[in-house]
Structures are given as C-alpha cells and as structure tokens.
Amino acid sequence: MISMPPAMNQQQGPNTSKLSLNWLSPDTSNSSVTSWDLAAETVNPWDIALCVVGTVISCENAIVVAVIFYTPTLRTPMFILIGSLALADLLGGLGLILNFIFLYLLDFEASRLVSAALLIASFSASVCNLLAITMDRYLSLYNALTYHTERSTTFTYLMLLAIWVTCISLGSLPIAGWNCLEDEASCSVVRPITRNNAAVLSVSFLLIFALMLQLYLQICKIAFRHAQQIAVQYHFMATSNTSTRKGISTLSVILGTFAACWIPFAIYCLIADSSYPLIYTYVTVLPATCNSVINPIIYAYRNPDIQKSLWVACCGCIPSNFSFRPRSSSDV
C-alpha cells in the first residue's frame, strides 16, 4: 500500500485529518493510518459501497416485512421467524445508510454512538434470527406431530422476545459507556467499540455458527432417515435419495454463505486492533453486510407461499405454471 508523502502529512497534520468512516475508524493520531483515510471533503468509495449495500438491504427486506405483515395466512412460526430476520436486516440496512449520513453530514460524538448501537443491535439480531430459523427447522422435523400447535407458536414468540431484548441490550452498551471515545488505545477495528466488546461479539458469533452447524447436521440425519422410511413404504428409493441430496445441498449453500460472509470479520475482530490499516476492516466488513442481501433470497423469495403473495400483490394474479406443491415438515 502506498503511504502518503511526508510533505502532505506535515501540511495537514493529525488534527485536521479525518477518517472516512466513524464506526470503523481507528485513532486518527495513529501512525499506521494510510492513504485510505481520506480528507474530510472526500467521499470514500468504501463508504459509498456500504451505503449502496444498505440501500439494497433495506429495499429487499422491506418487501419481505410488508408481505408477511399484510398476508394473514403467513402467521406460522416459520414465517414469523423469516419476518423477524427481515426486520433485523432492514434495520441493519437503515443503519448503514444513517452511518453514511452521520459521517458526512452530522458528524458528532453522539451520532457515532447511535450508529454503532443500531448496527450492533440489528446485525446481532440478524445472526440470532438465523439461529432461531435453524432451531425451528430442527424442531419441525424432530417434533413433526406437535409442531403446528399453539405451543409451538408461543415458543416462537418467546424465543424472538429473548433475541430482541438481548440484541438491543448489546447495542446499547456503547451508548451506556462501553466505548473507546475517551480511550483511543482501547478501540477495536470498529470504532467506537472497545476491543473487549468486539471480542465478546466475535466469540458469540463463532459459538452461534458452531451451534447452527450441529443443528444442520442433525437436520440432515433426520431428513435422511425420513426419506428412507418413505422410500421403503412407497418403493421409490431413487426419488427419495434425489430429494434428500437436494436438501443437503441447500443446507450446504446456506451454511457456506453464512460462514463466508461473517467468519472473516469475526476472526479479524479477534486478532486485530485499531493500529491495523483501515482497508482491512472495510474488506472484511463489506461481505458481512452482504449476508443481509442474501438472506431474503435464501429464506424468503425462494418460499412458494411468499412468491404467491408477491404475485398477488404485484399483479393481482398467480401464473398458471406456478407450483402449489404443499410444504411438509421434512422440507429443508
């Protein structure tokens, strides 16, 4: 990476330079700040990219939230969880947009804390909702006979309540004083979050990913066992194996996408601090935010019931070639 010329550094000085992203910014007085830390009047392309991603996230997930909210038939635990995930991602997208506004139009200390709080709460809720969806899929297979009861719906609402209370509490920590605004040396790669706070969030994410991996392995085992039982009963082993392999491939895509988006950023938060070049933070945080672009595609737009509601909302009709295959508890 090319460093700034000495003459330019002496002319601007550490007091007049400004990092281009407040919630991702290391200490401006640190000698490791590179030429990616642009002047105040320059718009950083990485900030533009994050703002664009936030806009796409907001639009995608706003549609999902509206469809689920205005469709009375989509009130099962599965759709409630998908709606909660879409709401979390929607807030995350709005947080990225607000961060861009706060950075270039309303840059003051309180805006940094508000932006950090919203982004931590929303993306934490997004990850936790993914875990909740995984648990729901596991329970729908493990307790297939009692899954569609009132008890299951009540459990879903209680689980979502716990998720949102926990994530809002995590998001409020920087506002409550657990930040590095007064001690720049304690900043993580995501300013104004402290290294300890970032480490707790990263470890929590890795534990959630490990739990999701274990649950999806159990889902694959149960789905394969169900497929074998159906195959033996109705004598269509080839079709059953094809369906099972397709389900396992889908789960592999879900877990692989989730890991590829979030694990680099989680590990980087554990090993790095504010002395690292800002470009590394951008490179790892951008894929993490892109996970919220992919979530509605995987969990919402591929669902036949949501597709049907979208067709009705957009054109008032349903295509003649639309598949009305009923979903069963063994669908993964």
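The values are calculated or read from the model by the stated rules, or taken from the named source; none is laboratory data. Computed from a predicted model, the values in this text were never measured in an experiment. Cβ placement follows ideal geometry from the backbone for every residue including glycine, while neighbour counts extend to all protein chains displayed. We work out accessible area using only protein heavy atoms, side chains counted, and drop any ligands, DNA or RNA first. Shrake-Rupley method; radii C 1.70, N 1.55, O 1.52, S 1.80 Å.
For the range 147-170, the set of residues classified as more than 30 Å from residue 192 (Cβ to Cβ) and open to solvent by 80 Å² or more (accessible area, probe 1.4 Å) consists of 148, 150, 151, 155, 157, 158, listed by residue number. Would you check which residues across the range 60-69 are more than 15 Å from the chain's Cα centre (by Cα) and of a type outside the set (A, V, I, L, M) and list them? Matches in the range 60-69: 69 only.
Could you tell me whether residue 149 is in contact with a Lys or Arg (Cβ under 9 Å, 6 or more places away or on another chain), of a type in the set (Ser, Thr, Tyr) and farther than 29 Å from residue 256 by Cβ?
Working: in contact with a Lys or Arg (Cβ under 9 Å, 6 or more places away or on another chain): no; of a type in the set (Ser, Thr, Tyr): yes; farther than 29 Å from residue 256 by Cβ: yes.
Here the answer is no, as residue 149 does not meet what is asked.
For the range 171-203, the candidate set comprises residues that are of a type in the set (Gly, Ala, Ser) and without any contact (Cβ under 8 Å) to a residue 40 or more places away in the chain; within that set, the residue that is least open to solvent (accessible area, probe 1.4 Å) is 186. Here is the figure for the range 283-311: residues that are open to solvent by 10 Å² or more (accessible area, probe 1.4 Å) and in a helix (DSSP H, G or I) total 18.
Kindly indicate which of 144, 125, 185, 110 is assigned to a helix (DSSP H, G or I), closer than 26 Å to residue 295 by Cβ and of a type in the set (A, V, I, L, M). Talk me through it step by step, then tell me what you get.
Details: 144 fails: assigned to a helix (DSSP H, G or I); 185 fails: closer than 26 Å to residue 295 by Cβ; 110 fails: closer than 26 Å to residue 295 by Cβ.
That would be 125, the only listed residue that is assigned to a helix (DSSP H, G or I), closer than 26 Å to residue 295 by Cβ and of a type in the set (A, V, I, L, M).
Residues are listed down the side, and each one gets a yes or a no for (1) at pLDDT 85 or above; (2) within 24 Å of the chain's Cα centre (by Cα):
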| residue | (1), (2) |
| --- | --- |
| 181 | no, no |
| 191 | no, yes |
| 198 | yes, yes |
| 227 | no, no |
| 237 | no, no |
| 248 | no, yes |
| 263 | yes, yes |
| 268 | yes, yes |
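Table: residues versus (1) more than 28 Å from residue 47 (Cβ to Cβ); (2) among the acidic types (Asp, Glu); (3) without any contact (Cβ under 8 Å) to a residue 12 or more places away in the chain.
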site	(1), (2), (3)
253	yes, no, no
261	no, no, no
267	no, no, no
271	no, no, yes
274	no, no, no
279	no, no, no
286	no, no, no
305	yes, yes, no
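Answer yes or no as to whether residue 244 is modelled with pLDDT under 85, buried (at least 18 other Cβ atoms within 10 Å of the Cβ) and in a helix (DSSP H, G or I).
The answer is yes for residue 244.
For the range 269-281, the criterion of being buried (at least 21 other Cβ atoms within 10 Å of the Cβ) and assigned to a loop (DSSP other than H, G, I, E, B) is met by at least one residue.
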